[in-house]
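*Asks:* Sharing a structure with you now.
The values are calculated or read from the model by the stated rules, or taken from the named source; none is laboratory data. No experiment lies behind these values; they were computed from the predicted model shown. All Cβ positions, glycine included, derive from the backbone under ideal geometry; neighbour counts span all protein chains shown. Note: accessible area is taken over every heavy atom of the protein model, side chains too, but ligands, DNA and RNA are not part of it. Shrake-Rupley method; radii C 1.70, N 1.55, O 1.52, S 1.80 Å.
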Amino acid sequence: MSKLIISVSGLRGIVGDTLTPDIACRYAAAFAASLPATASDEDGGAIVVGRDGRSTGGLLGSAVISALNASGRDVIDAGVAATPTIGVLVRETKAAGGIQISASHNPPPYNGIKLFGAEGRVLDAISGTKVRDSYQEGLNAYVPHDQIGQTVPHEAPHVAHLNKVLKVVNPERVLERSYSVLLDSNHGAGGTLGLRLLEALGCQVTTLGVEPSGNFAHMPEPTRENLITVGRSVSEHRCQVGFCQDPDADRLALIDETGRYIGEECTLALCVQRAMMVGRTDGPIVINGATSGMSEIIAKEHGVVCHRSAVGEANVADEMIASGAIFGGEGNGGPIDPDVGYVRDSFVAMAQVLELMAMTGKTLSQLADELPKLSIHKEKVDVDPEHIRAVFDHLESHFQDAKADRGDGLRLQWDDAWLLVRGSNTEPIVRMIAETKTAEASEKLCATAAEMIRAAT
């Protein structure tokens with residue numbers, strides 16, 4: 001049996017194995033118990049609940065909603081909606097918090113629960129730790145029969161998010177171009193809003209998997225190897241850009257007009273470039289320690305400081321808020337625009353990449369080729385969490401010529417390269433990310449580290 005993975009922002013597991021309706025109930029009840037005591041929607045007591053397109057989402061959603069109602073909480077049911085949409089809805093409805101049922105990029109057997117605070121962002125570490133501890137202690141705040149909460153479906157869950165995204169770009173710039181776009185939502189949560197957004201921007205849209213059935217046409221993580229057939233479709237349909245979302249639509253990978261996989265790291269870098277071009281230079285940007293230095297170089301060219309946070313959306317949001325950042329995100333294709341919300345957002349990415357293309361008159365391939373010449377490579381190795389410390393010791397001992405930092409996993413820094421090795425919060429693996437000036441050198445660095453990790457475990 002695999003392990004249920006619990007982090008400060010939520011939990012993930014295999015449905016019917018480590019994640020059951022009973023666990024979902026208890027976790028939702030622990031979340032409700034951590035919130036201020038109130039049972040009235042009018043005074044901010046409601047909780048927004050949404051889910052991605054996975055077939056098990058309805059099952060777990062019913063369990064979560066039952067637990068929240070039993071805790072005296074009214075529920076605003078958003079149905080199938082993207083993760084960033086839940087963040088917007090929490091703020092728009094003045095809810096006490098939100099729950100998104102999603103396993104993000106994990107394979108079909110998985111599902112999970114992600115928690116949002118009243119600010120419409122993923123819970124910070126302190127709040128998330130409180131919920132985790134409450135769950136492990138079996139705490140709840142169940143109420144008598146006459147105080148049970150009610151559930152009301154949200155009639156138009158995508159509208160507020162759509163409007164916010166349209167406000168952070170100049171739609172007229174994009175409308176004039178009438179771009180031909182392929183949208184691959186892979187039967188996740190992003191298709192409904194994605195199609196509406198692209199049509200609102202005047203695009204001619206070819207769609208793949210916009211129906212949120214959860215029957216993924218390819219493995220859900222939007223990586224190069226999983227998007228080979230999508231790249232062919234972009235070429236065959238003569239599209240100018242391919243947008244590829246993960247199942248809960250907080251990440252976006254890009255494919256250019258030739259069918260070439262541009263990837264996720266370039267998504268954030270292009271959005272940062274667009275932010276600089278429209279004059280959003282009155283504050284810093286924030287990226288995490290695992291993100292390519294492309295965004296940092298672009299910001300520096302415009303006199304903008306770049307801060308690096310620990311890996312994780314909540315950590316990026318924390319640093320953005322603390323530093324008054326004008327933009328931020330993670331290199332997994334997740335830009336964060338504070339004018340929309342402090343949540344990674346594939347819809348922000350689509351709109352802003354299109355606007356950058358329109359502003360410059362350049363193709364996506366041209367824009368990608370003009371980005372700073374760095375090459376990042378990612379690998380992962382199965383490792384039991386109990387062995388991670390030994391792995392770090394082994395790597396640090398071997399790479400003695402690098403500056404080592406264990407503030408967030410193990411980061412090894414050379415003059416012209418870096419390697420980050422850290423345990424996943426959602427899977428029993430360690431992720432390795434290397435960045436150098438060439439693809440060959442980055443791949444070799446990761447391969448060497450992977451070999452050493454296997455030897456150490």
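*Asks:* Send over a whole-number figure in Å² for the accessible area per residue of the range 1-102, probe 1.4 Å.
*Replies:* Heavy-atom accessible area per residue stands at 31 Å².
*Asks:* Show which lysines lie in cross-link reach of Lys114 when reach means a straight Cα distance below 29 angstrom and same-chain residues fewer than eight apart are skipped.
*Replies:* Partners within reach: Lys3, Lys94, Lys130, Lys164, Lys167, Lys378, Lys380.
*Asks:* Within the chain, which whole H helices from DSSP have a Cα span along their axis of at least 18 Å and a mean Kyte-Doolittle hydropathy of 1.0 or more, if any?
*Replies:* The qualifying helices are 57-70, 346-360.
*Asks:* Rank by packing, highest mean first: peptides 314-326, 239-251, with packing defined as the count of other Cβ atoms within 10 Å averaged across residues.
*Replies:* In descending order of packing, they fall as 239-251, 314-326.
*Asks:* If you project the alpha carbons of the chain onto their three principal axes, what span does each projection cover, largest first, in Å?
*Replies:* Projected onto the principal axes, the Cα atoms of the chain cover 64, 57, 42 Å.
*Asks:* What is the Cα radius of gyration of the range 152-217 over 2.2 N^0.38 Å, N being its residue count?
*Replies:* The value comes to 1.20.
*Asks:* What distance in nm separates the two pseudo spin-label positions at Asp382 and His145, each 7 Å out from Cα along the beta-carbon direction?
*Replies:* Label-label distance for Asp382 and His145, simple model: 5.0 nm.
*Asks:* Where in the range 248-285 does the label zone of Arg238 land, with the point 7 angstrom along Cα→C-beta and an amide N cut-off under 17 Å?
*Replies:* What the label zone holds, given the 17 Å backbone N cut-off, is 257-259.
*Asks:* Give the residue from Ser235, Val169, Leu193 lying farthest towards the positive end of the charge dipole for the range 161-253; charges sit on Cβ (+1 for Lys and Arg, -1 for Asp and Glu) and the dipole is referred to the Cα centre.
*Replies:* Ranked along the dipole, the leading option is Val169.
*Asks:* Still on this structure, please answer the following. Would you list the P(r) distribution for the range 305-452, with all Cα-Cα distances sorted into 5 Å bins from 0 and each bin expressed as a whole %?
*Replies:* 2, 8, 15, 17, 18, 17, 12, 7, 3, 1, 0
*Asks:* Which residues' amide hydrogens lie under 5 Å from the amide hydrogen of Gln204, considering only partners 5 or more residues apart or on another chain, with H built in the peptide plane?
*Replies:* Tyr179, Ser180, Val181
*Asks:* Rounded to the nearest 20 debye, what is the charge dipole size of the range 1-154 about its Cα centre when +1 sits on each Lys and Arg Cβ and -1 on each Asp and Glu Cβ?
*Replies:* 480 debye
*Asks:* Here's something else I'd like to know. Using Cα pairs closer than 8 Å and at least 6 residues apart in sequence, work out the relative contact order for the range 409-457, in percent.
*Replies:* Contact order relative to length: 25 percent.
*Asks:* Then there is this: Report the gain in length on full extension from Thr448 to Thr207: 0.36 nm times residue separation, minus Cα-Cα distance, nm rounded to one decimal.
*Replies:* 82.8 nm
*Asks:* Please compute P(r) over all alpha-carbon pairs of the range 257-341, binned at 5 Å starting from zero, and give each bin as a whole-number percent.
*Replies:* 3, 17, 30, 27, 15, 5, 3, 1, 0
*Asks:* In a Debye calculation with equal point scatterers on the alpha-carbon sites of the range 1-92 and no solvent, what is log10 I(q)/I(0) at q = 0.23 Å⁻¹?
*Replies:* Here the Debye-derived log intensity ratios amount to -1.32.
*Asks:* Only bridges whose two residues both fall in the chain count here: according to DSSP, what percent of them are antiparallel, nearest 5?
*Replies:* 60 percent
*Asks:* Would you kindly calculate the mean projected area, averaged across all directions, of the convex hull enclosing the Cα atoms of the range 211-365, in square nanometres?
*Replies:* Averaged projected area of the range 211-365's Cα convex hull equals 8.9 nm².
*Asks:* Moving on. Looking at the range 365-457 from every direction and averaging, what is the projected area of its Cα convex hull in nm²?
*Replies:* 6.6 nm²
*Asks:* Additional query: Carbon and sulfur atoms: what percent of the 1.4 Å accessible area of the range 133-185 do they account for?
*Replies:* 48 percent
*Asks:* Related question: Restricting to DSSP H runs of at least four residues, report the calculated mean residue ellipticity at 222 nm for the chain, -39500 (n - 2.57) per run over all residues, nearest 500 deg cm²/dmol.
*Replies:* -11000 deg cm²/dmol
*Asks:* So if each residue of separation counts as 0.36 nm, and I subtract the Cα-Cα distance between Glu301 and Ser62, what length gain in nm does that give?
*Replies:* 81.0 nm
*Asks:* Any chance you could check the Cα centroid distance between the range 85-131 and the range 399-445 for me, in angstrom?
*Replies:* That distance is 29 Å.
*Asks:* Turning to a different aspect of this structure: Using 10 Å bins from zero, what percent of all Cα-Cα pairs in the range 107-178 falls into each bin?
*Replies:* 12, 23, 33, 20, 8, 4
*Asks:* Once every Cα of the range 378-426 carries one equal point scatterer and solvent is ignored, give the base-10 log of I(q)/I(0) from the Debye formula at q = 0.32 Å⁻¹, two decimals.
*Replies:* The Cα Debye sum returns log10 ratios of -1.38.
*Asks:* Determine, for each peptide in 204-210, 272-278, the mean count of other beta carbons within 10 angstrom over its residues, then list the peptides with the highest first.
*Replies:* 272-278, 204-210
*Asks:* Take the Cα radius of gyration of the range 46-188 and divide it by 2.2 N^0.38 Å, with N its residue count; two decimals is plenty.
*Replies:* Normalised Rg, Cα atoms only: 1.18.
*Asks:* Could you state the orientation-averaged shadow area of the convex hull built on the Cα atoms of the range 131-260, in nm² to one decimal?
*Replies:* 11.6 nm²
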